[in-house]
Amino acid sequence: MEDEKAIEEAYKNEGNIIGVIFQDNFSYRLRFRLGNVPSPNDYISSSEYCYNYSSSECSIPSYWFRGFLSLQTSIDAALIELTTGHSVWDEMKSIRGIRMRSSSVAQQSSIEYIFVILVLPMCFSPFIYFLSQNVSREKRKLKELMKMMGVRDMAFWLSWSLLYAVYILILCSLATPIIKYLILPEASFFALYLLLFLYGIASIHFCFMFSSLLKKAKATSSIVFVLTFFFTSISVITLIARIPAPLEWILNLFCPFAFGAEISKVSLLQKYGKHLQLTDIVEHSSFYSLIIDSVLYMLLALYFDKIIPDKYGVPYPPLFFLKKSYWFKSRSSYHYEQSHSNIFSDNIEAVAPEFDAKGSIRINNIKKTYEAKSMKTEALRGLSFNIYEGQITAILGHSGAGKTTLLNILSGLSSPSAGSANIFKYNITKREDMEEIRKISAVCPQFNVQFEYLTVKENLKTFAKLKGVPSIDIENEVQKLLTLLDMNAIQDSRAYCLSGGQKRKLSLGITLLGDPQVLLLDEPTTGLDPYSRQLVWALLNERKAGRLILFTTQFMDEADILADRKAFISHGRLKCIGSSLFLKKKWGIGYHLRIQVNEFCDAEKMTSLVKQYIPAAKLSGQRESELSYTLPLENVDKFPALFCDMDHETDLGIVNYGVTMTTLEDVFLKLEDNETLEEDYGVLHREQEEEGRYGADETEQNLLLLSDSGISTVRGTELWRQQVCAIARMHFLQLKRESKFWRTV
Ligand SMILES: Nc1ncnc2c1ncn2[C@@H]1O[C@H](COP(=O)(O)OP(=O)(O)OP(=O)(O)O)[C@@H](O)[C@H]1O
């Protein structure tokens, strides 16, 4: 033909024509009918189907089968023979088509999967968002307190994990059919279900890890969301290109990547006729990656929890797990040194020798300094004193004196800056000892501890389980406490509906569960009505035998009535410690004489009358209708004559009068700087409450019931199982009742 155009014309008219166009002696072009050779676009788009050359959709072999290669080799053989004079036809016959390995290329059809792969790993995001909010909030509120009740870290996390695993199971049941129907119709339902479930569990633990690390609910949920989105986006690359194996291993440590990559792998294989089956999941590394990720995240959650504590708690050093003492608990050798600087001072009443032989809390030169920004607060400045078994000890002091700080240190909620304390033979500064202390002690912090969405009874039951009360005794124990604290009428009310005083009683009830040997109570009766206060006093009095009870209070009358020994703390230092009698004798100002007078009273005349009998009397207060005098203790024999005279002097303007003994308040006021004190100490109760009005007989009977029970607690794996189940159940009830959760899901 004349030229290439003529070939094209002939092709249009006759159809079955192949063109060979020579540009010079050796260069030529072959022109085949479309369909007998693949177009470049076909090559790319269909390469994914060409794992098997017989596939009808694979157009690459048409080079071979439709004559292109035969013609090309024939022309080449002819050119070689013409140029060299040597025939190569035999060699040409031995040419074979061999499929070479090639790097994967982007497929047009993969674009539709990108959307699915981006969306699928995010399917748990709303749930995970809610979870991170919930876990961080609850953890901050309750975890350290649960730890104080002997709940192990692992039990806390495992209980959350168990509960959310149930929710993940439900979500997977909904999501798997949708995924199967929309993108992986041939895949095994159970294999897909398992993949989604493992991803769900890994996501939960991923969230746990960040809530341990970041502590704040909002930060946790935001970071988890951003990371999930980021690693999901990266996983899309696996649709397009092969990632180097070491990088893939590293990326697989992030569960959204491991899951996204697995989905893209499965969807690609599906095109080659290989469908995800339950029997071959062993060949899929992502399944293992998700399991490894779950375990790793849980371990990291535990680790971060130990080295970065919440508001309360004592941090472990970062390499604590390398220390032998962490894994092998050494037997505590009782070593105790007390600084004697103020133990034998005049301000400390010596106790009877039999108490010295008993168990005790020995506080030795404890100091605590809070450092915040540039502020330094010395809350405790070297406290040393002993608290004995069989006695109730009250800690008194103005607001900010350091009472709560001391209790927090003794209960392991914070660590002392210097000094130490021993509770029985255990040292509070040793972590392994602290675990033993937690087993025998109970703390009632200044704030209320309870699960808001549980009823009073459910709260008590849950905490009884956490404390290891045997299942068989729980109902009995809870019922007794409900009766003793007069909470039967509110036993089915949810905690968030209770009044401040009722919540306080519940917190106290929770503390008393399991009959602990050491009770550390921070203002246990704040907000209680007088009747309830007396119930609590009676309960503590009944329990003090064989137990160490330490409480703080702002009420002098409470300390006077309830405590055998009172320790006064002021600005972080011990001022004095002893019985009421000792303190009143030492710092007492004698008696108070209060005279109510009318407008005709002449104060000077009245004072001279009093001084006539008791020269050392002092006018301590003068108001319009009242005159107050302090009368020395030793002048008590002069009182009858004075009172007799006052009764007969009708023109002095006396309406009535009364005399009271020194109160603890007087001691307190004397010990403190009066002016500052009046500013700080607004809660002082000037009047002694009229005591003893509750039905003592009835209460005593109840108390006997309780003290006779001698509750023994379960230990070891049984306790562990009981704790995990109890917390998981509590979370379940709480979530069930929180309508917000269901809206989120
Ligand atoms: N976390 C903290 N950071 C900084 N300072 C603190 C912290 N906790 C307590 N303090 C300071 O330590 C001092 C003692 O506080 P603490 O709570 O022990 O007093 P308190 O005697 O229990 O008072 P209250 O009777 O009012 O409860 C106070 O000056 C307080 O401001």
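The values are calculated or read from the model by the stated rules, or taken from the named source; none is laboratory data. On a predicted model such as this, the values are computed, not experimentally measured, just so you know. Reconstructed Cβ throughout: ideal geometry from the backbone, glycine too, with neighbour counts over all protein chains shown.
All told, G390 falls short of being among the small types (G, A, S) and within 16 Å of the ligand (Cβ to nearest atom).
For the stretch 350-379, taking the residues that are small (G, A, S) and free of Cβ contacts under 8 Å to residues at least 24 places away in the same chain, the one that is nearest to the ligand (Cβ to nearest atom) is identified as A372. Listed by position, the helices (runs of 4 or more DSSP H) inside the stretch 200-269 whose residues that are among the basic types (K, R) number at least 1 are 217-235. In the set (1) surrounded by fewer than 23 Cβ atoms within 10 Å (Cβ to Cβ); (2) under 22 Å from F447 (Cβ atoms); (3) within 13 Å of the ligand (Cβ to nearest atom), I569 fails one condition alone, (1).
Looking across the stretch 393-412, just one residue is farther than 18 Å from I577 by Cα, polar (S, T, N, Q) and more than 8 Å from the ligand (Cβ to nearest atom), and that is S411.
Checked against (1) over 24 Å from A350 (Cα atoms); (2) in contact with an Asp or Glu (Cβ under 6 Å, 6 or more places away or on another chain); (3) within 16 Å of the ligand (Cβ to nearest atom), P524 passes all but a single condition, namely (2). Scanning the stretch 450-462 finds one or more residues that are touching a strand residue (DSSP E or B) at 6+ places or on another chain (Cβ under 8 Å), in a loop (DSSP other than H, G, I, E, B), over 30 Å from K324 (Cα atoms) and among the charged types (D, E, K, R). Residue count for the stretch 482-497, restricted to those that are under 14 Å from T455 (Cβ atoms) and either among the hydroxyl-bearing types (S, T, Y) or within 27 Å of the chain's Cα centre (by Cα) (or both): 7. Looking at the stretch 474-495, I want the residues that are outside any helix (DSSP H, G or I) and have a partner that is small (G, A, S) with Cβ atoms under 8 Å, at least 6 apart or on another chain. Which pairs are those? Partner pairs satisfying both residue conditions: L485/G509; L485/S532; D486/S532; M487/G509.
For S415, indicate whether it is under 19 Å from the mean Cα position of the chain (by Cα) and either within 16 Å of the ligand (Cβ to nearest atom) or within 19 Å of L548 (Cβ to Cβ) (or both). So S415 passes the test. Within the stretch 269-304, the set of residues being touching a Phe, Trp or Tyr at 6+ places or on another chain (Cβ under 8 Å), at pLDDT below 85 and of a type outside the set (V, I, T) comprises K271, Y272, L278, S286.
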